[in-house]
Amino acid sequence: MPTISSLSRPRLLVLVGPTAVGKTKLSLSVAKHYECEIISGDSMQVYRKMDIGTAKLSVQEREGIPHHMMDIHDPDEAFSVAEFQDRGRTLISEITARNHIPFIVGGTGLYVESLCYGFEFGDNSSDEEFRQQMADYAASHGTEALHERLKEVDSITAERLHHHDQRRVIRALEVFHLSGEPLSSQLARQKRESPYDLCMIGLTMDRQMLYKRIEARIDIMLQEGLIDEVRQLLEQGYSRNLVSMQGLGYKEIAAYLEGEMSLDAAVELLKRDTRRFAKRQLSWFRRMTDLEWVDVTDSEQTDKHFTQICKIIAGKFR
RNA sequence: GGAGGAUUAGCGAAGUGGCCAAACGCAUCAGACUGUAAAUCUGCUCCCAUCCGGGUUCGGUGGUUCGAAUCCAUCAUCCUCCA
């Protein structure tokens, strides 16, 4: 039963799951049934010109359902969780005002969670020069020395980070550098409560089956012209160092196109990396306690899964 | 028929008398994750045990030795060369 506060909070429907489980397909049925507008919860679909490798639905395939947070940046424009959250919040209130249900569908755990819960990124922003300085320091003095420096300003964060995890060590240092406050104390202030009336569904599947689907999907992407897509990006001058080019499929195919490995090797690597990614997604989602799981191993039974999902939604949003 | 080489954990591959349950790589599995997150990072993987620890391994069998994955014999399988 909804409490007073849940009645006053906007509804937010969420569908997560590892890559290639079948989120997209199910999301269309659900969106139609509940008059939803979809917000892509995916860190790579935000980029234009990256369609095949990100398994983006074409406008036609969207069957008239609005899809937000797609194609909002060129591949050389940096994107971040904070921006995702910011835009997401706006979208949610706009969609709610239209009397539609905002529906996040995606596989980027951090992004989805940042929107679902009260993550506060503050105005820490970033400082490229500082990052570079820190990276240089680690290169000359070692990662442990850099970790030591973090220990001095934020021992709590240092405690939980391995000194090899330079990206996080540097960010924690950067947060202190920019705000004068340790990341850990900023985090301690945040409340875990969601600003929304949440209904979160997670799709899962037998691992072997999922891996087969991943491989099959990659083969299809290749047939659909993934290599050309990557080639065009490179020809248009998008560097391999760009964040967008670190995406699965782009990274590996670019390595092939630049002559670093054979196509077979690149494809094999892409499959492996994607399998690993799916595993990581699952381990992220598993700790999300508000999630209701739906096992879609029997991938033929989409009607059954759809019914199951509707039941969960009906239970939450009554 | 003869000569030589090989056989190590899921795979590849070190180890050639004690420091070996066995390096390393891969793959698998598990985990972390608050402005790069499709990124970044950690740990496990012969069996049993939460820990201490215990039990079985290095193609099979039988030896030598206080002690063998490592030495010897023999059998099996594979490869190369000579017939």
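The values are calculated or read from the model by the stated rules, or taken from the named source; none is laboratory data. Computed from a predicted structure; not experimentally measured. So basically every Cβ, Gly included, is an ideal-geometry build from the backbone, and we count neighbours across all protein chains shown.
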So how many residues does region A:279-318 have that are part of a strand (DSSP E or B) and closer than 16 Å to residue A:12 by Cα? 2
What number of residues in region A:197-212 are out of contact with any helix residue (DSSP H, G or I) (no Cβ under 9 Å at 6 or more places or on another chain) and of a type in the set (A, V, I, L, M, F, W, C)? 1
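If you take the residues in region A:147-163 that are assigned to a helix (DSSP H, G or I) and near RNA strand B (Cβ under 8 Å from one of its atoms), which one is surrounded by the fewest Cβ atoms within 10 Å (Cβ to Cβ)? Even if it seems obvious, please write down each step before you answer.
Filtering region A:147-163 down to residues assigned to a helix (DSSP H, G or I) leaves A:147-153, A:155-160.
If we keep only those that are near RNA strand B (Cβ under 8 Å from one of its atoms) too, we end up with A:157, A:160.
Details: A:157: 23, A:160: 10.
Only one residue tops the list, namely A:160.
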Select from region A:121-146 the residues that are surrounded by 13 or more Cβ atoms within 10 Å (Cβ to Cβ) and assigned to a loop (DSSP other than H, G, I, E, B) and write down the one among them that is farthest from RNA strand B (Cβ to nearest atom). A:127
Selection from region A:134-170 of residues of a type in the set (Asp, Glu) and farther than 17 Å from residue A:184 by Cβ yields A:136, A:144
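Could you please find all residues in region A:261-294 being touching a residue at least 40 places away in the same chain (Cβ under 8 Å), of a type in the set (Val, Ile, Thr) and more than 8 Å from RNA strand B (Cβ to nearest atom)?
Let us first name the residues in region A:261-294 that are touching a residue at least 40 places away in the same chain (Cβ under 8 Å), namely A:267, A:270-271, A:274-275, A:277-279, A:281-282, A:284-285, A:288, A:290-294.
Filter again for of a type in the set (Val, Ile, Thr), leaving A:267, A:274, A:294.
Answer for region A:261-294, where residues must be touching a residue at least 40 places away in the same chain (Cβ under 8 Å), of a type in the set (Val, Ile, Thr) and more than 8 Å from RNA strand B (Cβ to nearest atom): A:267, A:294.
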Residue count, region A:74-95 (criterion: surrounded by fewer than 17 Cβ atoms within 10 Å (Cβ to Cβ), touching a residue at least 12 places away in the same chain (Cβ under 8 Å) and either more than 30 Å from residue A:239 (Cβ to Cβ) or touching a Lys or Arg at 6+ places or on another chain (Cβ under 9 Å) (or both)): 3
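Of all the helices (runs of 4 or more DSSP H) wholly in region A:164-260, which have at least 1 residues that are more than 9 Å from RNA strand B (Cβ to nearest atom) and more than 30 Å from residue A:154 (Cβ to Cβ)? Steps first, please.
On the way: elements: A:166-179, A:183-189, A:207-224, A:226-235, A:250-257.
Fully inside region A:164-260 and qualifying: A:207-224, A:226-235, A:250-257.
Tell me, which residue of region A:45-85 that is part of a loop (DSSP other than H, G, I, E, B) and either in contact with an Asp or Glu (Cβ under 6 Å, 6 or more places away or on another chain) or of a type in the set (Phe, Trp, Tyr) (or both) is nearest to residue A:217 (Cα to Cα)? Steps first, please.
Residues of region A:45-85 that are part of a loop (DSSP other than H, G, I, E, B), as a first pass: A:45-46, A:48-59, A:63-66, A:69-72, A:74-80.
Checking the rest, the ones that are also either in contact with an Asp or Glu (Cβ under 6 Å, 6 or more places away or on another chain) or of a type in the set (Phe, Trp, Tyr) (or both) come to A:48, A:52, A:66, A:79.
Numbers: A:48: 21, A:52: 11, A:66: 24, A:79: 26 Å.
By that ranking, first place goes to A:52.
Can you go through A:29, A:80 and tell me which one is of a type in the set (Ser, Thr, Tyr), out of contact with any Pro (no Cβ under 9 Å at 6 or more places or on another chain) and within 15 Å of RNA strand B (Cβ to nearest atom)?
Working: A:29 fails: within 15 Å of RNA strand B (Cβ to nearest atom).
Of the residues listed, the single one that is of a type in the set (Ser, Thr, Tyr), out of contact with any Pro (no Cβ under 9 Å at 6 or more places or on another chain) and within 15 Å of RNA strand B (Cβ to nearest atom) is A:80.
In region A:28-63, which residues are hydroxyl-bearing (Ser, Thr, Tyr) and under 16 Å from the mean Cα position of the chain (by Cα)? First the steps, then the outcome.
Kept after step one, since they are hydroxyl-bearing (Ser, Thr, Tyr), are these residues of region A:28-63: A:29, A:34, A:40, A:43, A:47, A:54, A:58.
Of everything in region A:28-63, those that are hydroxyl-bearing (Ser, Thr, Tyr) and under 16 Å from the mean Cα position of the chain (by Cα) turn out to be A:40, A:43, A:47, A:54.
Residue A:104 - would you say it is more than 10 Å from RNA strand B (Cβ to nearest atom), buried (at least 22 other Cβ atoms within 10 Å of the Cβ), assigned to a helix (DSSP H, G or I) and modelled with pLDDT of 95 or more? Lay out the reasoning, then the answer.
Numbers: more than 10 Å from RNA strand B (Cβ to nearest atom): yes; buried (at least 22 other Cβ atoms within 10 Å of the Cβ): yes; assigned to a helix (DSSP H, G or I): no; modelled with pLDDT of 95 or more: yes.
So residue A:104 does not fit the description; no.
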